[in-house]
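The values are calculated or read from the model by the stated rules, or taken from the named source; none is laboratory data. If you're wondering where the values come from, they're calculated on a predicted model, not measured in any experiment. Every residue, glycine as well, gets a Cβ built from its backbone with ideal geometry; the counts of neighbours run over all protein chains shown. Surface areas here come from the heavy atoms of the whole protein model, side chains and all, with no ligands, DNA or RNA. Shrake-Rupley method; radii C 1.70, N 1.55, O 1.52, S 1.80 Å.
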Protein chains: 2
Amino acid sequence: MSFLELATRRQSTRAYLDKPVPRDVIDRCIEAARLAPSACNSQPWSFVVADSGPVRTQLVDAAFSGVYSMCAFAKAAPVIIVATRDRSTYTAKLGAFFRGSEFNLIDIGIACEHLVLQAEEEGLGTCWLGWFNEAGVRRMLGLPRRTKIDVMITMGYPADPALRPKTRRSLDEVRKYA
Amino acid sequence: MSFLELATRRQSTRAYLDKPVPRDVIDRCIEAARLAPSACNSQPWSFVVADSGPVRTQLVDAAFSGVYSMCAFAKAAPVIIVATRDRSTYTAKLGAFFRGSEFNLIDIGIACEHLVLQAEEEGLGTCWLGWFNEAGVRRMLGLPRRTKIDVMITMGYPADPALRPKTRRSLDEVRKYA
């Protein structure tokens, strides 16, 4: 599959088959994330994977209850991946101070998209989530307060793999030759 | 090429052949970026491409002089891509306010990595750059002050395409099953 085809096929998947995802498949997705580039190779990411039983249930309950229940579809996803970010890296501090850009947030974007694209290649569906109870997730997983959780990703075999059309600005709108 | 192979082959390329990159190839790289997902589909990105003559020279002089000359290798890159970010999107403001995460920085990471991966598939080398004179670039391109430029990307045919080993944390260090 060409990269453009892979990028075209990737779409947010919110309904999943009730079918477990083998751990070697999950690991290949994390492997793709691990290979991602980052500012000064700081690799500010770690991934906590919940794929079974009570832990998954406790996690989704902590994440998607109350005002966060608009993402309740995630409660039925076979795999939940929590992407954590280490804010203490030197690069991040320098980038924010001198350039006004938190480079390690860009790095989280790159690494998680590698994960999502590898998942697509494996025939899995994924969905990026930014709206969840971060403090609740941190507490449930026993993570220290300095650990930032910007995004979570749901994963599983899609209930409906049909490709939906994408709504995007046109090439001429996003690209200009100087 | 499998996605894992593509992710493995991508590396920072700082030396380029003196060979122009056809615009249809550049456009396919931007096309890959255009297809990227973003928070609430806000698509906060635009790309300014400098690939020839005096404009490219003026741009690299504005970007990589003085304290920014540690990235002077970029002056010899056949193509310079300036990724601009629209900070005024609703999503970005809500994300920063309610969740403490500037989601559109993550989006810039995703879109630019799509661009970089498509370039890799086209046989091009790229390098992410975060250290440049942002105000100078903005002035030279006549961009408004609200436009944020977090990163620039150099692109061209690599002078030495040999794959260097990657230094990364191990899978067991970055992934934990809850």
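Numbers for the structure displayed
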read-out: Label spacing, shortest first and in nm, from A:K19 to its equivalents in the remaining copies (7 angstrom along Cα→Cβ); value: 4.3
read-out: Cβ-vector label at 7 Å, B:R139, separations to other copies in nm; value: 5.1
read-out: Cβ-derived FRET efficiency at R0 35 Å, B:K166 paired with A:F73, nearest 0.05; value: 0.45
read-out: The protein assembly as shown, accessible area per residue, ligands and nucleic acids excluded (1.4 Å, Å²); value: 41 Å²
read-out: Accessible heavy-atom area order of B:R10, A:R168, highest first, probe of 1.4 Å; value: A:R168, B:R10
read-out: Among beta bridges that DSSP assigns inside the protein assembly as shown, antiparallel share in %, nearest 5; value: 85 percent
read-out: For chain B, built as a Gaussian network whose Cα springs stay under 10 Å, the top-fluctuating residue of B:V67, B:V137, B:V49; value: B:V67
read-out: Shielding by partners, peptide B:3-10 (average Cβ within 10 angstrom, other chains); value: 6
read-out: Kyte-Doolittle mean at least -0.5 and Cα axial length at least 20 Å: DSSP H helices in chain B; value: B:103-121
read-out: Protein heavy-atom accessible area occluded, B/A pair - total, 1.4 Å probe, Å²; value: 5900 Å²
read-out: Average partner coverage of B:149-156, which counts Cβ from other chains inside 10 Å; value: 2
read-out: Ordering of B:146-155, A:69-78 by burial proxy (mean other Cβ atoms within 10 Å per residue, highest first); value: B:146-155, A:69-78
read-out: Nonlocal Lys pairs with alpha-carbon distance under 23 Å, the protein assembly as shown (8 or more apart, or different chains); value: 17
read-out: Exam field: A:D172 pseudo-label spacings to other copies (7 Å along Cα-Cβ), nanometres; value: 5.6
read-out: Axis proximity, chain A to B: residue whose C-beta lies nearest, plus whole-Å distance; value: A:G109, 1
read-out: Cα radius of gyration and Dmax for the protein assembly as shown (Å); value: 19.7, 63
read-out: Surface share of carbon and sulfur [accessible, 1.4 angstrom probe, percent] for the range B:45-178; value: 56 percent
read-out: Equivalent ellipsoid semi-axes, the range A:3-174, via Cα gyration tensor eigenvalues times 5, rooted, Å; value: 25, 22, 15
read-out: Peptide B:110-120 - average C-beta neighbours from other chains (10 Å radius); value: 5
